[in-house]
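The values are calculated or read from the model by the stated rules, or taken from the named source; none is laboratory data. The structure presented is a predicted model; accordingly, all values stated were derived computationally and were not measured. Cβ: placed from backbone, ideal geometry, glycine included. Neighbour counts: every protein chain shown.
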Amino acid sequence: MRVLGLTGGIGSGKSLVAGMFRKLGAEVIDADRLARDVVEPGQPALNEIVMAFGRDVLLPDGSLNRVSLAAIIFADAAARQRLNAITHPRIRARMETEVAARNQRSGILILDIPLLYENGLAGSVEKVIVVWVDPRTQLQRLTERDRLSVDEARRRIAAQMPLDDKRARADEVIDNSGDRERTRRQVQAIYQRYAPPGAMPR
């Protein structure tokens, strides 16, 4: 199985692209899903988060209040580093387990990792695909999707590596600034380049 990394910036449309790869026949492991799993009630990571940030980051049912936690970590780089130190090793371990379980399969495996470059994971995949959008589109999509102020959206964008830097390091780039059909054609072209001989997109 060929293992490809998929990354981008917040608001770039990476989840849309991952879904397109899945429809073509690729398997996708979503780091965001794993991130949610490791902070479920009863998981050690959630207890450590409460110890680090206080019980205000919990909802009444004992689950993580993601809105409250996001307000803390996007306003404070040190707090963001504390959270990453708690969650990232656990996310990576789960991802490695899921990849190992698929080692004997054929086809394409997409590792959908928002912070792939930031966490030094480019060497763990064969190629890196970056989903890119122009800055104006990124800001507009993020404010509309998450109902954020422009200032808050800019803070969240600034917390990640600039998209242009990711694009410069990528093996493949998908420009998601246009319509979905244009994006779909780019995804299909990349899928066909890396799919095993004889594999046809769905």
Check ALA75, ALA71 and return the single one that is closer than 16 Å to ARG156 by Cβ, of a type in the set (A, V, I, L, M, F, W, C), free of Cβ contacts under 8 Å to residues at least 60 places away in the same chain and out of contact with any helix residue (DSSP H, G or I) (no Cβ under 6 Å at 6 or more places or on another chain). ALA71
Identify, please: which residue in region 23-59 is without any contact (Cβ under 8 Å) to a residue 40 or more places away in the chain and within 30 Å of LYS166 (Cα to Cα) and is, among those, nearest to the chain's Cα centre (by Cα)? ARG33
Sole miss for GLY13 among (1) modelled with pLDDT of 95 or more; (2) over 19 Å from THR87 (Cβ atoms); (3) under 11 Å from the mean Cα position of the chain (by Cα); (4) not acidic (Asp, Glu) is condition (1)
Wholly inside region 4-56, helices (runs of 4 or more DSSP H) that include 2 or more residues that are out of contact with any His (no Cβ under 9 Å at 6 or more places or on another chain), surrounded by 23 or more Cβ atoms within 10 Å (Cβ to Cβ) and not polar (S, T, N, Q) are 14-24
ILE157: hydrophobic (A, V, I, L, M, F, W, C) and in contact with a strand residue (DSSP E or B) (Cβ under 6 Å, 6 or more places away or on another chain), yes or no? no
Collect the residues in region 57-70 that are part of a helix (DSSP H, G or I) and surrounded by 14 or more Cβ atoms within 10 Å (Cβ to Cβ), keeping them in residue-number order. VAL57, SER68, LEU69, ALA70
Being β-branched (Val, Ile, Thr), at pLDDT 95 or above and touching a Leu at 6+ places or on another chain (Cβ under 6 Å) narrows it down to one of ILE174, ILE110, so name that one. ILE110
In region 149-199, which residues are more than 11 Å from TRP132 (Cα to Cα) and of a type in the set (Asp, Glu)? ASP151, GLU152, ASP171, ASP179, GLU181
